[in-house]
Amino acid sequence: MNDMKQIANQIAKLKENIVLIYAFNGTGKTRLSVAYKDITKTANKGVHAGVYYNAYSEDLFVWDNDDEHDGVDVKLKILSSSLNQYHQFLDEEQLREHLKAYKPKFDFKLQTYENAADGVESVQFFLKEEDMREGETPQEGDEARAKIPIKISRGEQQFFIWCFFLTLFDVEGWTGEGKQSGHFFIDDPVSSLDEHNIFVTASSLMDLIDRHFKQRKIIITTHHIGLFSILCDWIGKGEKKDAYKNRVKQYILKKSDAGIELHSPKNDVFLYHLELLQVLKQACESDELYAYHFALLRQVLENIASFLGVGRFAYVLEQIGLTDTDEIARIVNTLSHKTVFRYEAKELVPDNKALFKEIFEGIMTKYNFVLHI
């Protein structure tokens, strides 16, 4: 834990307000969030100085399957914690708005304690009538079935909890000090999510950063190379990159002979981009290609261009033998845009799939990358 305390102190002393950390599995992201909580709490006279989303946050939500009554009253219970006092200020419509990006097939109802100040006791979920028989004429009894509580999937549960916390992040005074101080520490909000929803989550993180980074330090850790890469790309090269300039630190958390340390991605560029290429190779081989894969592909192209000393990745497209490279670059840029993950279909259309594979295979052939998956 000494390593984690040292790293937590290192992060706490940073002047930058946005800290993105990619962590290999088993390096202790959750332990880092706990260490950061401890050192900032100590420095704040024993009072919490920030708010957290991590595995412990998810553990507050447990299923009551109502086995005694064959599941007729199944619900997701919320264990009592210090957060309950803020539940009463939670904006339910804002929660629904956060959920909308994930296109859920369920509706929900928050069940509060008799004393509203005690917060939300549990959540029940129901099938939306329009999703009960998708593509078919509504059937007799659909309305009644839509009122029967259901148990949602692990992935659906994950993004519901994340959206619940996203809504709480905007509640005044959650840290006890108002919005002008404190920090958010968000540890891997993407476990159990499918690939498309991982990048809807990336979009929601960017919205959160945009709302709060001027007043709070925001620390995000993840084991997902794609999520880390997309956040780095949007912050460093997106529409608002000038606002984030000199406000961002990026790290890789990994084990070394000296223990667990933070490294700059620039110092680990070879390993970092081999990780990206492995993700892209797996996507090609499984033929499960999504719009966000173009964002990862663009980063590979840009880094090859930078290594070759040129300022545009269309040059790399020329080098691998493609024609009409300016138009291809435009397509890559369009499909890398932040809004794509909310409004585009999950999978690429056939033409874009074919283009993606042509670019990827050209890169692998031209530059002789060797990957072991």
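The values are calculated or read from the model by the stated rules, or taken from the named source; none is laboratory data. Note that the coordinates shown come from a computational prediction; the quantities given were computed from them, not determined experimentally. Note: ideal-geometry Cβ built from the backbone for every residue, glycine included; neighbour counts use all protein chains shown.
Of note:
- Count of the range 322-373 residues, restricted to those that are surrounded by 17 or more Cβ atoms within 10 Å (Cβ to Cβ), at pLDDT below 85 and of a type in the set (A, V, I, L, M, F, W, C), is 4.
- Candidate set from the range 167-200 (those that are modelled with pLDDT under 90 and among the hydroxyl-bearing types (Ser, Thr, Tyr)); member that is surrounded by the most Cβ atoms within 10 Å (Cβ to Cβ): Thr175
- Criterion applied to Tyr251, Tyr244 was being crowded, with 17+ Cβ neighbours inside 10 Å, in contact with a Ser or Thr (Cβ under 9 Å, 6 or more places away or on another chain) and either more than 30 Å from Leu348 (Cβ to Cβ) or of a type outside the set (A, V, I, L, M, F, W, C) (or both), and the one residue passing it is Tyr251.
- Filtered residues of the range 210-259 (kept if outside any strand (DSSP E or B), under 20 Å from Gln299 (Cα atoms) and among the aromatic types (Phe, Trp, Tyr)): Phe228, Trp234, Tyr244
- Of all residues in the range 72-92, those that are over 17 Å from Glu156 (Cβ atoms) and either of a type in the set (Lys, Arg) or modelled with pLDDT of 95 or more (or both) total 1.
- Sole residue being assigned by TED's automatic domain parsing to the domain that holds Gly259, without any contact (Cβ under 8 Å) to a residue 40 or more places away in the chain and surrounded by 19 or more Cβ atoms within 10 Å (Cβ to Cβ), chosen from Ala43, Ala8, Ala23: Ala8
- Figure legend. Inter-residue proximity from the range 279-305: first residues among the charged types (D, E, K, R), second residues part of a helix (DSSP H, G or I), beta-carbon distance below 6 Å, spacing 6+ or different chains. Indicated pairs: Arg298/Val332.
- In the set (1) assigned by TED's automatic domain parsing to the domain that holds Lys255; (2) touching a strand residue (DSSP E or B) at 6+ places or on another chain (Cβ under 9 Å), the condition left unmet by Asp73 is number (1).
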